[in-house]
Every structure is written in structure tokens, then in C-alpha cells.
Amino acid sequence: MIEVRKNEPKYVLLRKEPSKKVNQYGKPIETVAADNELRKHAFIINNEEQPAENPDRYKQHGFYFNADNCIACHACEAACSEKNDNPAHLAFRSVGFVEGGTYPNYQRLNISMACNHCDDPVCLKGCPTRAYTKFAEYGAVLQDPDICFGCGYCTWVCPYNAPQLDPVEGVVSKCNMCVDRLEVGLKPSCVAACLGNALDFGVIENTPENRTQTKTDIPGFPRTDITHPNIRFEQTRSTQRDMMRVDSTAVKYHKDDTTGKFKPELDPKHGFKREWNLAKLLGSHESAHVAFTLSIQAVMGAFVMLTLGAWTAFPSITSLKTSATFIPLLIVMLLLTITGLFKLNMHLGKPHRFYRGFYNLKMSPVSREIAGVTAFFTGLMGYSFFALFDNAFTHLLQIGFALLGLAGIGLGGYYMYKLYRIKARPYWNHWHTGASFIGTGLSLGSLLIALMTLLFGTMSNELSFVLVTTIAFGLIIEGIGLFAHARDLQPATSEGAASFYEQTTTYGYAYWLRNGLLIISLIIAIVMLLFSSVSITAFILLALMLLSASIIGRSLFYVLVIPTTMPGAFFWKNKGFVEHAREIGLADMPQMGVAYEKHHKFDLKELMQSIKETTAKDAIAQIKRVFTG
């Protein structure tokens, strides 16, 4: 444990004072009830038993930030990184700023931000590995990197960019509120290091000395209704009506005169020039998710056609099951599923920990998606295997695996959609996400069956009509969703407006190419239906148009999302500078605070070494943990 020095200054010592009953969100400040059994047990931290009596131990604590006092010296960052032994490219606390006005009325507002240890931590609920804990003592949200497998979902759902995914090590870590310092009566390291008395800390809602305000937001701070963060602000100086970010994010904050609060709006700082950026689009960090979602949704769509289509007495689908195409089609579906799962797993920071994705079935949509997709894959394998046999018993087993596969599609497909309905990412948080996924499943699934039947010469006019109709229906669903999405984003008062701006400028030509390809695909499908003939040339053209549209569209889905994050600076926590540094080699200089992404690149030697380090005993213990809760 940390030893308290005899000459510790007063400002680094926790105040001992009565607290309020509830906070500004109506949540109790006491983290556990007075008669809770937890209070009766000895509290052990860092393997040392602490005194039983500590009046502040089971109260929600939080940070206080005085924006009037912050001079952006970054001492808080340095102290935090030193205590946690962080590399140069990683910081649990960072200082950004917004600015407004012009000379001589220019104003700059600095913001120092770490984890806000929220009342309703979405990182904890979203993490599939249960690496997060809401610490009853002091109310800290703690995260264990040794449990994390590096999916980064917590970094998606957090509105404040608190969890940090290390691109080198491939795991997430974050601020832990310095709970070891709290137990001996010291404030966190960042607070102790603050030169301007801008940072303070204590039981939430207890106004620090020499403070007059405990506001829940200031310009540049994202919305608080998502997680109810435990941070309070003071800002008495008046600000300009528009406060600008200096990083590459096309967002500014405009003061609403009716409420006095600042709301995010579009700041078209890059101009309105339309560009291609296809290499950047197709080579994005999330390309593994593109491959996974497209392949899995295509196979799911084809599986629904093969099972429900046959059971609902479509003669063309029923005859397909007895043709020479059926078994090769199932093999291709299995290969596509395996490829998608492999790409997704190798995208993890620690691929050998993949089994931990089942840990948080109680709360995490990621865990539930993994469970659903696993059930679907199991059903597909069983369905394919027993398709090799022809007797009443195997037919019964095939039906059972088909039902398992369909249940997996229902569960996995639903949570594949739900995990993207993230309030902190307005571009995804729209029903068009579901329309896109369903449309892709119908169109690509039907296209997969069509290409296989053409290859084996078993396509008929009846089957062609069913498949092309389904493709057209999927395209219409996706098109309606995209139209509604663009209509709702353009006037939005959120980061979604900035996503729409990037969609029509930075990736403007790629965006219109995707739209044009979808329209051409729909026209081809309608023409094929009108002429009711099996044309190999038309199917090949349709396949080229549809696959190109799907790949570009799904890539846009990932690169265009702009989260509700804290503003950065010119060179720090600035996505634009990070990309620039990696492109020209500045990332080779540790002092730049930028590192190359390494954890998602496949290294067979490294993977095998990691598997060796994960013993069978450990794996069995982890599996038991899943079933015992």
C-alpha cells in the first residue's frame, strides 16, 4: 500500500464530511445499504487488510473540474501515466480544448478528462468478457486487462473515450480512480499533480472548497443522459455562442439560448469538395467486420431460403435440395462462415482468448451475438453433415439442426443489429442498420444460391424468379433504410450530422458509386423478372454490381461513424494527426504519442505461442466460470 507522508499538503488529502443522499440524477450516493453484509467483512486491497471503519468507503466518488483554472499544462496526464506506467501512445487522462471567437475576443476552454466512473456504465454492460466491475468501494468502474480479449466494444459504447484500446498490446485499460490512494486518504494522482487547482476529487455532490458550481456539463462535454457520469464542472466565465474543436472532427458546439447548454452541430472545416478515398475506405481498421458481417449475413439468408423455402412448399427450392448443387452449396456456405469467423477472431487483440466472448450473456449484446452465431454455425454444420445421408432418422436430425440454425439466426441476427444501436455513435443508432443487415441477407443469400445453381447447371425459370424476386426485395429494404438514414442525419443536432458531411465529401464519390450500383442492381433484377428468362450474363452482371455495392456500402458503414468523444488538441487525441503520423512515419517517434496498429494483424507464430501459454487447466476453469456465473 501507498504510505502517506507526514508532510502531505492539505489539498491532496480526501475531505471527511457528510454527504447528500442522492446525486443530481436521482441515484443514491451510498453504493451499498447500511445493513449490507459487504460492510461487515474485512476490506482487503493490494493483499493488505484495511480498517473496518471508513465512513466514505461505500459512497460514490467523482472528479471535479474547474474549467476557469485549467492552463493545459498536462501535469495531470503525466502524473496519471507515470503512476500507471503507460506507454507514450496511451493516456487514461487527456487534456483537449475548444475555442471560440476571434482576436481580440478569442477564447480557449481547456478540458481535462479521464474515466467518469458512471452510475450506469455502458462499458460494463457491453463488455463480453466481464472485464469490468462497478467497485462498491468508492464507486469506481474498474477494468482488468488480463481478462480483456481486445474486441474494443467498450471503446465504441463509451461516450467519453475513457477505455483505451492499446494498438500494440491489443487489450483495453483505463483509469481506476487510484482506489489504492483513496483507501489511505489520498486523492488520485492526477488531482494531486494539478498546478492550477483545476482538478479536485471527493464524494459526489460535495462542493469542494472555493467552488461555487457543480454543473454536469460544459461546452465540448458529450451528453450525460447515456451513462450519468460522476464528474462535476465549474465554469463561471462567459463563452462564445459557438465553440470549435481544433481536431479533425467536423463538429462544433452551439449554445442553445433556451437552455443555456451547448449542443453539437456540423462544422464543415474541410470544405465541401467531393473525394474518392477508396484505398482508405477499403483498407480501414474495421475491414474484418466488413468481411464477417457480409459473409455471415449472406450465409444466413441462403440458409433461410433453403430451410423455410422448402418447408413452405416452394417447388423450386424443394427440387434444389435433390439436385447436384445442394451439397456443394452447403460446403461453400460452411467455408464462407468459417472465413468470416476467422477474420473476426483474428481481429481481436488476443485471438487465443476468443472463448471469453461467452462470459457476459446476461448483459452484453456482443456475447449474445456470439452465442447466436455459434448456434447457427452448429446448426449449419449438423444440417450439412446429415444431408449426406438419406433415411428417416437422418432427415429428422437434419430438421433438428435446421431449427437450431434458424434459432441461431434469430438470436445472432437480432443482437448483431442491437450491438450497433449505440447512443454514443449516432450514425449507427438508426433503424437503417437493421434494414441494411436484413437487405444484405436476402440479396446476397439469394445471389449465393443463384451463382451455385448456375455453376452446376441446375437453374430453372421458377427458381430464377424466386431468387431474383428476393434479391429485389432485399435491395428495396436496404434502399428505403438508406434514404431514411440520410434524410434524418443531415439536419441532426449530433455527431450524426458530421457523419453525413463526411459521407458526402471525404467519401462522396464512393458514396454515390454505392448508391448507383444499388440502383443498377435493382434495375437489372426488375428487367430479369419482366423477361422471365435465365440469363447467365444478367446474373453475372447483377453479381458484380451487387457485390461491389455491398462491400463499398458496408465499408462506409464503419468508416463514417463519428462517436460522441471529448475534443482533442492539434497533435494529441486527434484522429487526423494519428492517420497522418502513421502515413509519413512520425509514428516511429515515441514522443509523438502515436503507435502503429499491430494487434489485429495475423501472426501464426505469435498465435501458436499464445495458445501454448493458455493451458488446458485454465481453459477448463474459464468454461466452468461461464456456467457457474
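A short reminder: the numbers here are calculations on the coordinates, not readings from a lab. Quick caveat, the model's predicted, so the values are computed rather than measured. All Cβ positions, even for glycine, are placed from backbone atoms using ideal geometry, and neighbour counts span all protein chains on display.
Tabulated data
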| read-out | value |
| --- | --- |
| Cα gyration tensor category, rounded, prolate or oblate, for segment 285-559 with a/c compared to 1.5 | oblate |
| Additional length obtainable on full extension of the chain from Ala78 to Val246, 0.36 nm per residue less Cα span | 58.3 nm |
| The chain: antiparallel DSSP beta bridges as a percent of all, rounded to 5 | 90 percent |
| Trypsin sites (Lys or Arg not before Pro) lying in DSSP loop within segment 335-416, provided at most 11 other Cβ fall within 10 Å | Lys362 |
| Simple spin-label estimate for Glu37 and Gln24 in nanometres, 7 Å along Cα-Cβ | 3.7 nm |
| Angle between the chain longest axis and helix 575-584 axis [Cα atoms, degrees, rounded to 10] | 70 degrees |
| Angle in degrees between helix 432-455 and the longest Cα principal axis of the chain, rounded to the nearest 10 | 30 degrees |
| Summed side-chain charge close to Asn574 - residues other than Asn574 whose Cβ falls under 10 Å, Lys, Arg +1, Asp, Glu -1 | +1 |
| Sites matching GluC sites (Glu not before Pro) across segment 46-88 that sit in DSSP coil, with at most 13 neighbouring C-beta atoms within 10 Å | Glu53 |
| Separation of the Ile584 and Ser533 label points, Cα + 7 Å toward Cβ, nm | 5.9 nm |
| Calculated FRET value between Ile519 and Thr493, using beta carbons and R₀ = 35 Å, to 0.05 | 0.70 |
| Separation of the Ala324 and Glu49 label points, Cα + 7 Å toward Cβ, nm | 7.9 nm |
| Too-long pairs where the Cα-Cα distance tops 30 Å, listed order kept, from Lys269/Lys350; Lys174/Lys423; Lys10/Lys255; Lys134/Lys215 | Lys269/Lys350; Lys10/Lys255 |
| Loop-resident sites, segment 371-426, for chymotrypsin sites (Phe, Trp or Tyr not before Pro), counting at most 12 other Cβ within 10 Å (DSSP) | Phe389 |
| Cα long-axis angle, helix 326-347 against the chain (0 to 90 degrees, to the nearest 10) | 10 degrees |
| FRET E, pair Phe483, Arg223, Förster distance 30 Å, beta-carbon r, rounded to 0.05 | 0.65 |
| Net length gained if the chain between Lys16 and Leu335 were fully extended (0.36 nm per residue, minus Cα distance) | 108.5 nm |
| Segment 10-238, Rg to Rh (Cα coordinates; Rh as Kirkwood inverse mean 1/r) | 0.96 |
| Kirkwood-based shape ratio for the chain, expressed as Rg/Rh from alpha carbons | 1.02 |
| Label zone at Glu8 (point 7 Å along Cα-to-Cβ), backbone N below 16 Å, segment 30-47 | 45-46 |
| Expected 222 nm ellipticity per residue - DSSP helices of 4 or more, -39500 (n - 2.57), all of the chain, to 500 | -14500 deg cm²/dmol |
